[in-house]
Every structure is written in C-alpha cells, then in structure tokens.
C-alpha cells in the first residue's frame, strides 16, 4: 500500500482499539468522492483495518474509481488484511459500473482461488457488469451458476433479463420473467418489455405492459417508454399515441418515440403537434426531437420552420439535420436548398444533398461542385454522377463527356489492384472482369454482401458494392475494384448511364402479345407501416421518388391455376434504381412476380422470387464493358429454369 501517500499522525495511533477508529470508518463511508475516501484511508494507514478498506472500495464503486478499487484490493494483501466477500463485491461493482466487465469477472473468478464464498450479491454484481457490456451470454452463464447454488432473487433476475434486453434476446428474457414469477420486480418487467421492444415484438411488449397490474406492479415511465418505442419500431403510430396519452408519467423520451412513430407513418401534422406541445409540459426539446419530426417528410416550408425552431431552442445544428432540410426543399425549391449552404458549410453530405436539388439546373450544380473543390471537400462518385446527370438533362452531352473523361483520368491515377485469374476461377462463380470492375453471377440463395465478402477474402483486394441485388435475386452483380473503380462506377450509376436488364416471371392479366413494350413511371415510396408488414415495403405514392421501368413481353404461358389469367416472361429495365423497383411496379399493376409473397404473389409455382439480372452494360476505366448472364446452366438458376420448362411443357 506504499503507493498511497501519507500516514497516521502520532495522536491517531494511540486510539487503536479505542473509539477513534470506528468513527474514522464512518467518516470514510460518508466521503462524497472516492478520492477523498482514499485520502482519508491513507492518513489512517497504520491503523486501518479491513472495514476501512471496504468503505473506501465501496466509495470507488459508486464514484467511478474502478482502477483505484482494484489497487485497494491488492493493497489489502500487502497489509496482511483478510480479503473478504464485501471487498470483492464492491470491487466487482466498481468495475461493472465503469463498463469494465472483464476486470469485474477477473475479481469474481479470483474469489474462488482465494476461497472466498461467492454470495448472491457477488453473482448479481458480476451479471450486472456483463449486462452493461452487452455480454448477455456471460450473464446467463453466471445466472445458471447462481441457480445451482441458491434461488436467484429479484436483483439476479433483473440483471439477467436486462442483459438479454441489451442483446435483443426477447425469447430468453420472457423465459426468465416467467421463471421468476412473483419474485419479478418492476425492473424485471421493464427489462423484459425493453427486450421485446429491441426485438421488434411490439405485441408482446404491450401484453407485458397490460399484465403488470396483475402482479401489483405499476407501470412507470421506463415501462411506458419501452412500449411506445416498440410501437414506433412497428410504425403503429395510433397505439404509440394512445400509450402516450394514457401513460401515468411521461418524459422527453416518451414524446420523441411518439413523434418518430408519427413520422414513420408520414403523419407530419401529428408529429408537429406533439413537438409544439412540449414547451407547455416543461419538457426540453433536443436534437432527437427535431430529427424525429423532420423525418415525417413535412412540406419544405415546415421543414425549414423546424430548422429555425431548433436553432431558437439552442439545439446545435447537425449534418443530418441540415441534409434533411436541404432534401425537403428538393428540386422544386432548389434556390432555398442552396441558401442553406450559407454561411459556408464544411460537410460534403450537405453539398451532395444540394447537388440533388440542382439536378435540373446544371450550371448551379457545377457551381456547387466548384465550391466543394475550393473548400477541399472530397467529391465522391455519387456527387460526380449527379453533376453529370444534370448536364445530360440540360442537353449538354459534350460538356458531360469532357467532365466524365476528366473523372476517368483521376480514377485511373488511383492504385488499381491486380486480380489473379486462377483465384477468380477457383471462386466457384462465373465472373467477367474489366478495368476497375468485376461482374459476378450472384446465386439467388445468398446476399450481395456475402458475395462481396467471398471475393474480397479470396482476392485480398479492395472491392466495393456500387449496386446490389436482393437476397432472392440472381444475376449480374458489379463489384468495384479499388478506390478509383468505386468512384468511377458510382458516378455512372449516379448519372444513370448504366443499363441493366432483368428477366422476370409475373402472373395476372395479360399485358398483350409477345413483343409488347411499355413503361411504368409511378413514383415509389418506402413504407414502414404497410398493413403492419414485418418488413418495409415499397408502395406507389405521389409523395414517393421518381421511378421509371421499361417492360417488354418476351413469352406468354397458359396459367397453372384456374384463378390466374396469364403467366408472362418479361424483359425489364429499371431506368432508376429504387429499392424493390421492379417488384413494386409490377405489383402496383396487379401482376406480382412469381414467388414474391411480400408483394402479393399467389401463383404457388414453388420457386423463389423469379427475378434474374441477365445483362449489365457500363463503361469500365478502359472505356467499354459488358457482362451478360442469361439463365446459365448453373445450380444457382436451376429453380428458375425448371419453372420455365414446366410452363413450356404445359403449353405444348
């Protein structure tokens, strides 16, 4: 304990065994800060006993001094003092409260080697440390060990259920709550509701909230906030508002969750009403409040008013908030979008949003890019693509070509990884290689991200996704090679200079004879509240983003079911790149893709979503690139080929 300065004054030493030491023990316990407690302990070093050390370690536990708590535990051995269960428990708590779960478990484990009996308090403190670090598996292991030793109490169940909540392990949390029975405290129930909220189990969260009074437990603000957040995650804005108005007590978190729920349902007037009600309730609006309201897709004037109100409330401006305000202005109010860049912003994301607003005015878009260069901001491929698209829309093809060539030379100056042909062949997937681009035949049973991970690991090269295919979609997947390749491909996608062609099978009323061509240009909106669907769905909406799809009927088949009018093989080219664009557009016309349950298919042809990207055309860094995978004789497309064979056989 030599590291702690000071020693007991001579007159203090005379009272060993007398009345002075107990008073000093009480003084250590009453110190407000752990540093003061340790300093007082140092002044009593020659007379301090284990109780004094315990008091100082407990002070470290509540004050954040976990390192000093560990030091004091070690010093007790040097002072030949018996290390007891209380000292260890305080040390575990000190480490746990500081988020040092490994140190907490180290102290917990050392108790066995020191032959110190671990009590329920020891286990609870160790579980709490695991819970704060989201180490829920470790907390459950400790809980099982405790259960073998003695019946866990409410604190133990609360720590274990809270650990499950941090990991969204709602099923395990409900199992523990049921096991606790009457022993479960309000903390246990709150943690279980939180677990359901994080696991997006809103019905279970509301059921738990409704059952709390049956156990003589009154829902508090934590219970209600978790339930409101559960409704917000499922876009159940009506339930969120009902809970908010019926809750016995609310805080800013309650309102933020309810505002966010209204925003997800795109009920911006309700979101703004809640925002306006907060000052009267003496609740301070914060950045989360304004961000939630801004997400409601309010008209541009309301979005700018929100920005002003946030500034009046003293909420610091954020890049995300500025981007939302610029996006709200959109192309119709591009002048206001540009005004939001002044006084000069220094975030590239704000400039990129402004470029999107100027896409119909190429001179202004070019000026924004010049300003980015003057501010030494990185101009990514997406920003370049937006400027090029603005030029093309303005009829400036030659100017766009000159700037495109300038960008290509910049990208060529970047290091370009070499991709060994043998490694490409050994990957087990069909591949077409260009300069700065790799096109892979993605199977329909994996994600685009898993294909990227496979090739990145095998090639040990910097690859990136610039476009993706849904998990159930097969076909051409482009991977950018190197930073230059990524920037170049992002620019082409942003300028809409990439041509992609899919084949798909849909069921419903006939579009016409083979060779019929038409376009679908319905705006599309990503909805989180479509009929309480478990996953977001894209729906037609005037509030949505521009979307255009070109369609050609390739082949007609007799229906396999009497209630289906026709089955059609289509060639489809999306001219924009919206989420689920092909699926949503065809579903909006009453002809969902075969196998697409999310968008209403009932054909029961027994295959995944029948959608295959068969052709990709773009410019690589050498100036030309084309990849084509029809329906190759590969395992990845066997299910689609089998469906076509069955339809063709029936038509003979």
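The one condition from (1) within 24 Å of residue 261 (Cα to Cα); (2) surrounded by fewer than 23 Cβ atoms within 10 Å (Cβ to Cβ) that residue 145 does not meet is (1).
For the condition crowded, with 18+ Cβ neighbours inside 10 Å, within 19 Å of residue 382 (Cβ to Cβ) and assigned by TED's automatic domain parsing to the domain that holds residue 567, residue 437 qualifies.
Could you tell me whether segment 367-376 includes any residue that is part of a loop (DSSP other than H, G, I, E, B) and not assigned by TED's automatic domain parsing to the domain that holds residue 496? Yes, segment 367-376 contains a residue that is part of a loop (DSSP other than H, G, I, E, B) and not assigned by TED's automatic domain parsing to the domain that holds residue 496. Selection of segment 346-363 for residues being in contact with a helix residue (DSSP H, G or I) (Cβ under 7 Å, 6 or more places away or on another chain) and more than 25 Å from residue 498 (Cβ to Cβ) yields 347, 350. Residues of segment 446-476 that are in a loop (DSSP other than H, G, I, E, B) and touching a helix residue (DSSP H, G or I) at 6+ places or on another chain (Cβ under 7 Å): 462, 466, 467, 468, 469.
Between 39, 3, the distinction of being surrounded by fewer than 21 Cβ atoms within 10 Å (Cβ to Cβ), under 49 Å from the mean Cα position of the chain (by Cα), at pLDDT below 65 and more than 28 Å from residue 130 (Cα to Cα) belongs to 3 only. Within segment 561-595, the set of residues being in contact with a helix residue (DSSP H, G or I) (Cβ under 8 Å, 6 or more places away or on another chain), over 15 Å from residue 510 (Cα atoms) and either modelled with pLDDT of 90 or more or outside any loop (DSSP other than H, G, I, E, B) (or both) comprises 572, 574, 578, 580, 583, 584.
Does residue 507 satisfy the criteria of being touching a helix residue (DSSP H, G or I) at 6+ places or on another chain (Cβ under 6 Å) and either crowded, with 19+ Cβ neighbours inside 10 Å or modelled with pLDDT of 95 or more (or both)? No: the conditions fail for residue 507. Sort out which residues of segment 61-78 are surrounded by 17 or more Cβ atoms within 10 Å (Cβ to Cβ) and modelled with pLDDT under 75, and write them in order of number. Across segment 61-78, the qualifying residues are 61, 63. Scanning segment 519-537 for any residue that is assigned to a strand (DSSP E or B) and at pLDDT 95 or above turns up at least one such residue.
Say whether the condition of being without any contact (Cβ under 8 Å) to a residue 12 or more places away in the chain and at positive phi is met by at least one residue in segment 287-301. No, segment 287-301 contains no residue that is without any contact (Cβ under 8 Å) to a residue 12 or more places away in the chain and at positive phi. Scoring residue 273 on the criteria (1) surrounded by fewer than 17 Cβ atoms within 10 Å (Cβ to Cβ); (2) over 23 Å from the mean Cα position of the chain (by Cα); (3) outside any helix (DSSP H, G or I) leaves a single failure, condition (3).
Of the residues making up segment 327-342, none is buried (at least 16 other Cβ atoms within 10 Å of the Cβ) and within 25 Å of residue 464 (Cα to Cα).
Only one of the listed residues (122, 185) is free of Cβ contacts under 8 Å to residues at least 40 places away in the same chain and more than 20 Å from residue 213 (Cα to Cα). That residue is 122.
Okay, residues lined up against (1) closer than 15 Å to residue 226 by Cβ; (2) modelled with pLDDT under 90; (3) crowded, with 24+ Cβ neighbours inside 10 Å:
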site	(1), (2), (3)
134	no, yes, no
151	no, yes, no
154	no, no, no
161	yes, no, yes
170	yes, no, no
173	yes, no, yes
180	no, no, no
192	yes, no, yes
198	yes, no, no
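The values are calculated or read from the model by the stated rules, or taken from the named source; none is laboratory data. The shown structure was predicted, so the numbers you read here are calculated from the model rather than taken from an experiment. Here Cβ is always computed from backbone atoms with ideal geometry, including for glycine, and neighbour counts include all displayed protein chains.
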